[in-house]
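Engineer: One structure, as C-alpha cells, below. Some questions next.
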Amino acid sequence: MQLFSDMLSYFPTPLEDELLYSVLARYACDRSFKTSHAQRSILLGRPSLFITYDLPRRINYLTSILPPGCSHTADGFINLNTMFPFYSASLAPERVIAARQSMREEITRSTHRTWIKQFSSERISFLRYCPICFQEDVERHGFAFWHRSHHFPALDICTIHQVWLEDSEVSIRATKQEFVAAEAAIPMVCDARPLDLTDRDVAALLTLAKDAVWVLHKENLYIGAQIIRERYFNLLQVEESEFSKGVKWYYRNRPTLYDSYGEVVFDKLGLKLGNPPGRDWLRWLSEFERSASHQSLSTIIHLLILRFLGLSPANFSD
Ligand SMILES: [Zn+2]
C-alpha cells in the first residue's frame with residue numbers, strides 16, 4: 001500500500017509503439033525533476049536502482065503509484081510498452097514466466113536480462129529515432145517519443161518509412177541513470193536517409209526488421225525451444241534419429257546461412273562465420289535449447305533461419 005504522497009499527480013497516456021521508458025521520461029520532463037536521483041526515487045521507488053530502457057523492472061511498484069482511475073496493469077505495460085514480446089519469443093515457457101515475474105518485481109538482480117539481453121547491449125549504443133516518425137509524432141501528438149520498434153538489437157531501420165534510424169544524443173549508458181524525453185534528446189532532426197532497396201543486403205535487413213516488428217506486436221507468441229526445434233525438423237523433413245545424416249545432406253545440397261546472407265548482413269547483426277549459427281546452423285538448431293548463451297541471440301537468428309527456409313514468422317507460428 002503506497003502513501004498518498006507517493007502517488008503520481010497524473011500519468012501520461014502511453015502511445016502505440018511507445019517504450020515505457022519514454023512515457024516515464026515525458027512525465028519526468030513535465031514535472032521538471034531537479035536530479036536523476038529524484039526521478040528514480042519517485043518513479044522506481046529506489047534512487048540507487050539503474051533504469052533499464054527496454055526491459056524495465058519493478059513495474060508493480062509503478063502500477064501501485066498510478067493516480068486513481070488509471071487502469072494500466074503490469075502485464076499491459078510489459079506486452080505493449082517494452083521489448084519483452086520480441087526477446088521472449090523463443091525462450092522456454094518456464095523462463096518466460098520467470099522473466100515476466102522479474103520485470104514485475106525484481107529489485108536487485110536482473111535474471112531476465114542475462115537470459116535474453118546480452119546480444120542487444122552490444123548492438124545499440126544510443127537511443128534511436130526515425131526523422132519522419134519524429135515529424136509525424138510532433139504533428140499528431142504535439143511531441144515526439146521513443147518507439148519500441150526503433151530499438152531492436154542491430155536492426156536500425158524504420159519499417160514504416162523504409163529509412164535508416166538515427167542515433168540520438170542519449171547513450172544507452174545514460175539511460176541507466178536518467179529518464180530523457182525524445183524531444184530533449186533530439187534538438188536537431190537529421191534528414192531522413194532512405195534505404196536503397198536495390199541493394200540485396202539492405203533488402204534482407206528490411207525483411208528481418210519487418211519480421212521483428214511482427215514478433216514484437218504478437219503478444220504471448222513464445223512456443224518454447226523444444227517445439228521450435230521440432231517444427232524446424234519437420235520442415236526440413238529430418239527425423240531426429242537421422243540427424244547426422246540430415247546434416248550431411250543439407251550441407252551438400254543447401255547453401256549455408258552465411259553464404260545466403262553474406263558478410264554485410266552478418267557483420268550488421270554481429271554474427272561471425274564459424275560461430276553459431278554461421279556454417280553450423282543446423283547443428284546449432286539441434287543444440288540451442290540446451291545452451292543458455294545461444295538463447296540470448298535466438299530471436300534474430302530464428303528470423304534469419306526462417307527466411308532462409310523461405311518462411312515468414314507468421315507461417316511458422318501457425
Ligand atoms: Zn519512421
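Engineer: Taking the number of other C-beta atoms within 10 Å as the exposure measure, put 265, 138 in order starting with the fewest.
Structural biologist: 138, 265
Engineer: Right, here's the next one. Give, as ranges by residue number, the residues of region 151-187 whose backbone N falls under 11 Å from the point 7 Å along Cα→Cβ of residue 64.
Structural biologist: No residue passes the distance filter.
Engineer: How do 105, 183 rank when sorted from fewest to most other Cβ atoms within 10 Å of their own Cβ?
Structural biologist: 105, 183
Engineer: First measure r as the distance between the Cβ atoms of residue 105 and residue 135, then evaluate 1/(1 + (r/R0)^6) with R0 = 30 Å and state the FRET efficiency to the nearest 0.05.
Structural biologist: For R0 = 30 Å, the calculated efficiency reads 0.15.
Engineer: Across region 10-65, what fraction of all alpha-carbon pairs, as a whole percent, falls in each successive 10 Å bin from zero upward?
Structural biologist: Calculated over all Cα pairs of region 10-65, the distribution is 23, 62, 15 percent.
Engineer: Can I ask one more? Using a ≥ b ≥ c from the Cα gyration tensor of region 149-194 (square roots of the eigenvalues), is it rounded, prolate or oblate, where a/c under 1.5 gives rounded and otherwise the larger of a/b and b/c decides, a/b for prolate?
Structural biologist: Note, shape of region 149-194 comes out oblate.
Engineer: In terms of modelled amide H atoms, which long-range or inter-chain residues lie less than 5 Å from the amide H of residue 170?
Structural biologist: Distant-sequence amide H within range of residue 170: 127.
Engineer: Among 190-199, 166-175, how do they line up by average Cβ neighbours within 10 Å per residue, starting with the highest?
Structural biologist: Ranked from most to least packed, the peptides come out as 166-175, 190-199.
Laboratory data are not the source of any read-out in this text; all were calculated from the coordinates shown. Keep in mind the model is a prediction, meaning the values are calculated, not measured. Neighbour counts are summed over all protein chains in view; Cβ atoms, including those assigned to glycine, are modelled from backbone coordinates with ideal geometry.
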